[in-house]
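I have placed the structure first, in the form of structure tokens, so that the comments after it can refer back to it.
The values are calculated or read from the model by the stated rules, or taken from the named source; none is laboratory data. In this text, all values refer to a predicted model and were calculated from it rather than measured experimentally. Backbone-built Cβ (ideal geometry, glycine too); neighbour counts: all protein chains shown.
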Amino acid sequence: MIMIVLCVQLLKEIKDDDWDMKKITWTLINRRHGEKHIAYAESHDQALVGDKTVAFWLMDKEMYWFMSEHSPPSLIIDRGIALHKMIRFITHGLGGEGYLNFMGLLMYISV
């Protein structure tokens, strides 16, 4: 859970060029020896409580207009996708013995 709190704090308060990689790394590896952990970079709780997901913090309204093959390239989208991949990669690599992937809210409607 601490990675989510750290990610949101970094995205809200600190420009991505100024992120402290030592702090991020230490947050992910600082745990009791032998204790198993599941790591995740975002969860559905962010959307349920009215907060933004990591992708929306990175790209916001640009996602609606510039993620199509038919739209012009956008540096915000390219940078957002790259940072989103890096956040997930670092969390997956250092976060523990397992990784939980956020798939969004899925609804099944029977007809």
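Below, the figures for the structure above:
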{"item": "Flag if Asp45 is at pLDDT 85 or above and charged (D, E, K, R)", "result": "no"}
{"item": "Pairs with Cβ under 7 Å, 6+ apart, first in the stretch 77-100 and under 24 Å from Asp60 (Cβ atoms), second aromatic (Phe, Trp, Tyr) and at pLDDT 85 or above", "result": "Ile77/Phe66"}
{"item": "Hits in the stretch 62-89 (condition: closer than 17 Å to Asn101 by Cβ and out of contact with any helix residue (DSSP H, G or I) (no Cβ under 8 Å at 6 or more places or on another chain))", "result": "Lys85, Met86, Arg88, Phe89"}
